[in-house]
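See below for the structure under consideration.
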Amino acid sequence: MSTAPRTKSSIEQVSDLIRTEPSQYVVAAFLGRRYILSPRDLLTVPRMRDVALGDVIELNAIQEVGSRQYTLRGDPTLPQDVVHVPAVVVEHTKGALQKIEKFKRRKGYKRLLDHKQPFTRLRIGPIELGPR
C-alpha cells in the first residue's frame with residue numbers, strides 16, 4: 001500500500017469529483033475541538049467574546065472534505081486554497097441552569113450556586129472547493 005504524494009492536479013481532480021456530489025461535509029478543528037459539519041448546520045461552541053452578531057468567520061483548519069463517494073484528507077490540515085467554509089455568528093446564548101452545591105463535611109458549611117454556561121452559535125455556510 002503505497003501512497004503517492006498529492007500534486008496540485010490530483011487535488012483539483014478529487015475536488016471536482018466531490019463538487020459533483022449532492023452533499024458534502026468537512027471535518028474542521030475549531031477552538032480546540034473537531035467537528036463534522038455540513039452546509040446549513042448550527043454549531044454551538046463556547047462563548048467567543050471577540051465576535052458580534054452577523055460576523056462571518058472563515059473556518060481555516062479543515063482536516064477533511066468529502067461526500068458519500070470521495071474523501072480528501074490533509075495532514076494535518078488542507079491548504080487554504082483548496083476549501084473555504086464560512087460561518088456566520090447567529091446568536092450569543094446561555095445553556096441550561098446548573099446547580100452547584102458546595103459543602104464541607106461536619107462543618108455546617110453549605111452553599112448552592114446557580115450557573116449558566118455562555119455559548120456562541122454559528123451557522124455553517126456553503127462549502128466552496130477550489131480557489132476563490
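The values are calculated or read from the model by the stated rules, or taken from the named source; none is laboratory data. Being a predicted model, the structure only gives us computed values, none of them experimental. Here the Cβ positions follow ideal geometry from the backbone for every residue, glycine too, while neighbour counts run over all protein chains shown.
Please determine, by comparing only the residues of the range 57-71 that are of a type in the set (Gly, Ala, Ser) and either part of a strand (DSSP E or B) or under 12 Å from the mean Cα position of the chain (by Cα) (or both), which one is nearest to Gln24 (Cα to Cα).
Gly66
Do we have any residue at all in the range 51-72 that's surrounded by 15 or more Cβ atoms within 10 Å (Cβ to Cβ), at pLDDT 85 or above and more than 21 Å from Arg123 (Cα to Cα)?
Yes, the range 51-72 contains at least one residue that is surrounded by 15 or more Cβ atoms within 10 Å (Cβ to Cβ), at pLDDT 85 or above and more than 21 Å from Arg123 (Cα to Cα).
Pick out the one residue from Thr120, Thr93, Thr77 that is under 26 Å from Val51 (Cα atoms), among the polar types (S, T, N, Q) and touching a Phe, Trp or Tyr at 6+ places or on another chain (Cβ under 7 Å).
Result of the check over Thr120, Thr93, Thr77: Thr93.
Quick one: count up the residues across the range 72-85 that are closer than 16 Å to Arg34 by Cα and under 16 Å from the mean Cα position of the chain (by Cα).
Of the residues in the range 72-85, 6 are closer than 16 Å to Arg34 by Cα and under 16 Å from the mean Cα position of the chain (by Cα).
May I ask you to list the residues in the range 57-70 that are among the β-branched types (Val, Ile, Thr) and without any contact (Cβ under 8 Å) to a residue 40 or more places away in the chain?
Ile62
Report, by residue number, each residue of the range 79-129 that is over 21 Å from Gly66 (Cβ atoms), among the small types (Gly, Ala, Ser) and part of a strand (DSSP E or B).
Gly95, Ala96
Is it fair to say Val88 is of a type in the set (A, V, I, L, M), under 17 Å from the mean Cα position of the chain (by Cα), modelled with pLDDT under 95 and surrounded by 13 or more Cβ atoms within 10 Å (Cβ to Cβ)?
no
Return the residue satisfying two criteria in turn: it lies in the range 102-132 and is charged (D, E, K, R) and closer than 30 Å to Glu12 by Cα, and of such residues it is farthest from the chain's Cα centre (by Cα).
Here the answer is Arg132.
Please work out which residue is nearest to Leu37 (Cα to Cα), limiting yourself to the range 91-120 and to residues that are of a type outside the set (Val, Ile, Thr) and surrounded by 15 or more Cβ atoms within 10 Å (Cβ to Cβ).
Top of the filtered list is Phe119.
Out of the residues in the range 15-41 meeting the condition of being more than 11 Å from the chain's Cα centre (by Cα), of a type outside the set (Lys, Arg) and farther than 14 Å from Ile62 by Cβ, tell me which one is surrounded by the most Cβ atoms within 10 Å (Cβ to Cβ).
Of everything passing the filter in the range 15-41, Leu17 is surrounded by the most Cβ atoms within 10 Å (Cβ to Cβ).
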